[in-house]
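**Student:** First the structure, which I've put down as C-alpha cells, then a few questions once you've had a look.
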Amino acid sequence: MFIKWWHASIWIIAFCSLGQAQSCLPQGIVFDSQAKIDAFASDHPDCTEILGGVIIDDALPGNISNLEGLHPLRAIGQFLEINDNAALQDLQGLRHLERIGEKLNITFNNQLQDLDGLETVHSVGTSIRIASNQKLEDIRALSALSVVNSDLSLSDNAVLPHLKGLDSVLSIGGNLLIKDNKALRNLQGLESLQSIGRVFELNNNDGLMGVRSLVSLQHIGKDCIIDDNDALAGFQGLDSLRSIGGFLQIVNNASVINFAGLERLASIKGLLLILNNASLVSLAGIDNIDPSTIDNMSLSSSFNLVNCSVKSICQYLMTTRSKASIADNGDGCNTRHQILVDCPLMGPGQSGRPNQNIGISVFPNPTFGRTTVRGEILTDAAIRIFDAAGKLVLTGNAQGFTIDTSTLPAGFYLLEAKGRDNTFTTPFLKISF
C-alpha cells in the first residue's frame with residue numbers, strides 16, 4: 001500500500017511541475033540567428049519565462065525567417081525587441097506570450113505584414129514602439145491590451161491604413177506619437193481612448209483625413225502637437241476633449257478650414273500656436289478656451305484666415321499683459337487691433353459687433369488719452385466706460401464731445417453714451433505711449 005501511495009505522489013508532483021511556469025535566463029538573451037531560435041526549447045527545457053530581456057535581431061540579413069522555436073514562452077521579465085529582421089514575415093512563434101515586463105519594440109522588419117502571434121499579450125510594462133516596418137498593414141493582434149503604461153509610438157509604417165487593434169486601450173500613461181505613416185487614412189482603433197498622460201503628437205501623416213475616432217478623448221496631460229497633415233480636413237471627433245495640460249500647436253495642415261470639433265476645449269497651459277495653415281479661414285471652434293490658461297499666442301502665415309474674433313481670442317487680447325505675435329494672415333487677422341475692433345461687445349447686457357452700434361464712434365481708435373466722441377450724441381449725454389470684464393471704470397459728461405481716458409490703463413473698453421431718449425455704445429482700444 002505504501003509503495004503504491006509513493007508512486008502516485010511522485011506522479012502528481014511531476015504532473016504539477018509540468019503545469020507550472022519555469023523561468024530562465026535572468027541576464028536575458030540575444031537571438032541573432034534562426035539556429036538559436038530553433039534550439040531554444042532544447043537548450044532551455046521547460047522554460048516558459050525569460051527573466052531578462054529578449055532581442056531578436058539577425059546578424060546575417062535574411063537569416064531569421066520565423067519564431068516557432070519560441071512557442072513555449074509565456075512571459076518575458078524585461079523588454080522584447082524585434083529589430084532589423086529582413087526575412088521575418090510573422091510573429092506566430094510568440095502565440096503563447098502573455099506578458100512583457102518592460103518595453104516592446106518592433107522596428108525595421110521589412111517583410112512583416114501583421115503582428116499575428118501577439119493576440120495573447122495583455123500586459124506591456126512600459127512602452128510600445130512600432131516603427132519603420134514597410135509592409136506592416138495590420139496591428140489587430142494587439143487587441144488584448146487595455147492600458148499602455150508609458151509611451152505608444154507608431155511611426156514610418158508606410159502602408160498601415162488604420163489603427164484597428166488598439167480598440168481596448170483606455171489610457172496611455174505617457175506620450176502618443178503617430179508620425180510619418182503615409183497611408184494612414186483615419187485613426188480607427190482609438191475609439192475607446194480617454195486620456196493621454198503626456199504629449200499627443202500627430203505629425204506628417206500625409207493621407208490622414210480626420211480624427212473622428214478620438215470620440216472618447218477627454219484629457220491630454222501635456223502638449224498637443226498637430227503638424228504637417230496635408231489631408232486633415234478638420235477636428236470633428238474631438239468633441240469630448242476638455243483640457244490640454246501644455247501648449248496647443250497646429251502648424252502646416254493644408255486642408256484645415258476651421259476648428260469645429262474643439263468647442264468643448266476649456267483650457268490649455270502655455271502657448272497657442274497656429275501657423276501656416278493654408279486653407280484656414282476662421283478660428284471658430286476654439287471659442288471656449290479660458291483665456292487665463294493661454295500664456296502666449298502666435299497667429300501667423302495663414303493667408304486665408306480672416307475671422308479671428310472668437311470669444312477666447314478676444315478676451316485674451318483684451319488683457320493688457322497678454323503676449324501675441326500676429327502677422328501675415330488675411331485682412332481682419334493681421335494685427336491685434338484688427339481682431340479687437342471686430343470682437344463682440346463685452347459690456348454688461350451687450351451683444352453683437354461694434355459696427356452695429358452706428359449711433360456713435362470714438363476717434364482716434366486706438367487712443368492714447370483724449371478721445372473725441374462723434375455721432376448722434378447730446379452735449380450733456382452721460383458717459384460710462386466699462387473695461388473688458390464689464391467693470392465700470394470711468395463716468396462723466398461729454399463736454400465738448402471730448403473724453404479724457406489718460407487715467408485708464410492700456411486695454412479694451414466699451415463706451416456708453418446715454419442721452420434723454422437714446423443710449424449708444426461703441427468699443428475702443430486704449431494703448432500706452
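The values are calculated or read from the model by the stated rules, or taken from the named source; none is laboratory data. Computed from a predicted model, the values in this text were never measured in an experiment. Virtual Cβ from ideal backbone geometry, glycine too; neighbours counted across all protein chains shown.
**Student:** Answer with yes or no whether R129 is without any contact (Cβ under 8 Å) to a residue 60 or more places away in the chain, more than 25 Å from the chain's Cα centre (by Cα) and within 30 Å of Q22 (Cβ to Cβ).
**Tutor:** Considered against the rule, which asks whether it is without any contact (Cβ under 8 Å) to a residue 60 or more places away in the chain, more than 25 Å from the chain's Cα centre (by Cα) and within 30 Å of Q22 (Cβ to Cβ), R129 comes out as no.
**Student:** Still on this structure: Could you list, in sequence order, the residues of segment 220-247 that are in a loop (DSSP other than H, G, I, E, B), farther than 12 Å from F200 by Cα and among the small types (G, A, S)? So that I can check it myself, show each step before the final result.
**Tutor:** Here is the first cut: in segment 220-247, the residues in a loop (DSSP other than H, G, I, E, B) are 221-223, 228-242, 245-247.
Add one more test, that the residue is farther than 12 Å from F200 by Cα, and what stays is 228-242.
Passing the criteria: A231, A233, G234, G237, S240.
**Student:** Looking at segment 292-317 only, could you name the residues that are assigned to a loop (DSSP other than H, G, I, E, B) and of a type in the set (A, V, I, L, M, F, W, C)? Steps first, answer last, please.
**Tutor:** Here is the first cut: in segment 292-317, the residues assigned to a loop (DSSP other than H, G, I, E, B) are 301-306, 308-310.
The answer is F303, L305, V306, C308, V310.
**Student:** Test I257 against the criterion of being outside the structural domain of P409 (by TED's automatic domain parsing), crowded, with 21+ Cβ neighbours inside 10 Å and of a type in the set (A, V, I, L, M), and give yes or no.
**Tutor:** Numbers: outside the structural domain of P409 (by TED's automatic domain parsing): yes; crowded, with 21+ Cβ neighbours inside 10 Å: no; of a type in the set (A, V, I, L, M): yes.
In short, no.
**Student:** Out of all the residues in segment 188-207, which are under 19 Å from R242 (Cβ atoms) and of a type outside the set (D, E, K, R)? Give the steps one after another, and end with the answer.
**Tutor:** Step one: of segment 188-207, the residues under 19 Å from R242 (Cβ atoms) are 190-200, 202.
Answer for segment 188-207, where residues must be under 19 Å from R242 (Cβ atoms) and of a type outside the set (D, E, K, R): L190, S192, L193, Q194, S195, I196, G197, V199, F200, L202.
**Student:** Turning to a different aspect of this structure: Considering only residues of segment 188-200 that are of a type outside the set (D, E, K, R), touching a Gly at 6+ places or on another chain (Cβ under 8 Å) and part of a loop (DSSP other than H, G, I, E, B), which is nearest to Q218 (Cα to Cα)?
**Tutor:** Step one: list which residues in segment 188-200 are of a type outside the set (D, E, K, R), which gives 188-190, 192-197, 199-200.
So of that shortlist, the ones also touching a Gly at 6+ places or on another chain (Cβ under 8 Å) come out as 189, 195-197, 199.
Still in the running and part of a loop (DSSP other than H, G, I, E, B): 189, 197, 199.
Numbers: G189: 16, G197: 11, V199: 14 Å.
If we take residues in segment 188-200 being of a type outside the set (D, E, K, R), touching a Gly at 6+ places or on another chain (Cβ under 8 Å) and part of a loop (DSSP other than H, G, I, E, B), then G197 is nearest to Q218 (Cα to Cα).
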